[in-house]
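Before any comments, here is the structure.
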Amino acid sequence: MSEISVIVVNWNRRELLRHCLLSLAEQREVSFEVILVDNGSEDGSVEMAQNEFGSRPGFPLRILRNASNRGFCAANNQGIAVASGDYVALLNNDAVASPGWLAALRRAFEYGADIGMAASKILVKEDPARIDKVGHLIYPDGQNRGRGSGELDQGQYDAMEEVLWPDGCAAMYRRSMLEQIGGFDEDFFAYGDDAELGLRARIAGWRCLYVPDAVVWHHRGATLGLTSTRRLQLIERNRVLLAVKLFPWSLLALNPWYYGVRLAAGVWAAIRNRGELARYAGFSGKLRAALALLAGDLAAMALIPRMLRKRRELRRIRKLSDSELRRLILRHRISLRQMMGLAA
């Protein structure tokens, strides 16, 4: 039995996966197992993991192999279902963890029985002096962004503190929390799924601590690519689904207003070659991005009845009132100025 179960979801990223597993093999001070969930890779990822790590001493590795890409949410839920640890850690296959990563995250749970999540200090692999994410912030229309994203790491986030939720790239969850609130919502498939799980946990009364000593380096956008319209479509769709499922009615009623303001600010930022839309070059690129956003909104519309049913089911775990939830969201709100200087 291991105290911590580390779940790594993989899809056709053999070389990135190798470096990820090597970093896990160097973890110290904690007892852990690794559960690799492969989503139908065809690049020899599974064979590499079996040959190089399957019989490595002190490195318990279990491989779950799917015939097709079931998405980030379903694959993580598979891993959670077979995990033996009291704590469940997630590490993206495109991330590399520092040797003390697991031990640092584990210590966060000693600060209170209501600590259900721990967030890592995630740096950009290609530019290690720059922050990828140190916890999360959210805009009142449901769009979330990494706290500190794009900033130079100058010690401004070197204190342990409460954050809204951890980034699913490198996080740890208390298993008893997951058993109470459930795992990832598989309707989200990928992107925004960690936001939905994290906010659902906050609604149930759990807290999240950011741990600056838990350092991870992340290759940004390695899954679908930073300019993938499919990625943009999923981000937009899941923004709407998260708001419909979890937001207090007072904020949900204002969602079209907040979205319109953010969209207008995004267009203005793109004119100045900043923000998310600036990645899509030229008029044709901007048009593709606009169509992806529209496709995301249309896809969300079809799932709204299901989200409303799930919203009603949340009553069994709810600890925060609507007014408390509204204050929590606004306390961890990202400003338009910050958002327009960043990209997802």
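Return only the number of the condition from (1) more than 24 Å from the chain's Cα centre (by Cα); (2) basic (Lys, Arg); (3) under 30 Å from residue 187 (Cβ atoms) that residue 56 does not satisfy.
(3)
It is to be established whether one or more residues within the stretch 51-71 are closer than 30 Å to residue 328 by Cβ and either in contact (Cβ under 8 Å) with a residue 40 or more places away in the chain or buried (at least 22 other Cβ atoms within 10 Å of the Cβ) (or both).
Yes, some residue in the stretch 51-71 is closer than 30 Å to residue 328 by Cβ and either in contact (Cβ under 8 Å) with a residue 40 or more places away in the chain or buried (at least 22 other Cβ atoms within 10 Å of the Cβ) (or both).
Could you list, in sequence order, the residues of the stretch 259-316 that are at positive phi and either buried (at least 17 other Cβ atoms within 10 Å of the Cβ) or assigned by TED's automatic domain parsing to the domain that holds residue 193 (or both)?
Result: 275, single match.
Acidic (Asp, Glu), over 21 Å from residue 90 (Cβ atoms) and either in contact (Cβ under 8 Å) with a residue 40 or more places away in the chain or part of a loop (DSSP other than H, G, I, E, B) (or both): which single residue out of 141, 132 fits that description?
When all the criteria are applied, what remains is 141.
Being over 21 Å from residue 339 (Cα atoms) and of a type in the set (Gly, Ala, Ser) is the filter; apply it to the stretch 278-296 and report the residue that is nearest to the chain's Cα centre (by Cα).
295
List pairs: first residue in the stretch 98-113 and assigned by TED's automatic domain parsing to the domain that holds residue 160, second residue in a loop (DSSP other than H, G, I, E, B) and polar (S, T, N, Q) anywhere in the structure, Cβ distance under 8 angstrom, at least six positions apart or on different chains.
Here the result reads 99/27; 100/27; 101/27; 102/27; 103/27, each pair linking the stretch 98-113 to a residue that is in a loop (DSSP other than H, G, I, E, B) and polar (S, T, N, Q).
Hey, can you tell me all the residues within the stretch 24-43 that are under 14 Å from residue 93 (Cβ atoms) and more than 20 Å from the chain's Cα centre (by Cα)?
Correct list: 40, 41, 43.
If residue 299 passes every condition in (1) within 16 Å of residue 199 (Cβ to Cβ); (2) under 23 Å from the mean Cα position of the chain (by Cα); (3) modelled with pLDDT of 95 or more but one, which one does it miss?
The failed condition is (1).
Here is a list of conditions, (1) part of a loop (DSSP other than H, G, I, E, B); (2) buried (at least 22 other Cβ atoms within 10 Å of the Cβ), and residue 150 meets all of them except one; can you say which number that is?
(2)
Can you name every residue in the stretch 20-35 that is of a type outside the set (Ser, Thr, Tyr), in a loop (DSSP other than H, G, I, E, B) and out of contact with any Pro (no Cβ under 8 Å at 6 or more places or on another chain)?
Across the stretch 20-35, the qualifying residues are 29, 30.
Residues checked against (1) outside any loop (DSSP other than H, G, I, E, B); (2) at pLDDT below 95; (3) touching a Cys at 6+ places or on another chain (Cβ under 7 Å):
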position: 156; (1), (2), (3): no, no, no
position: 165; (1), (2), (3): no, no, yes
position: 172; (1), (2), (3): yes, no, no
position: 184; (1), (2), (3): no, no, yes
position: 196; (1), (2), (3): yes, no, no
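The values are calculated or read from the model by the stated rules, or taken from the named source; none is laboratory data. Since the structure is predicted, the reported quantities are computational estimates derived from the model, not experimental observations. Backbone-built Cβ (ideal geometry, glycine too); neighbour counts: all protein chains shown.
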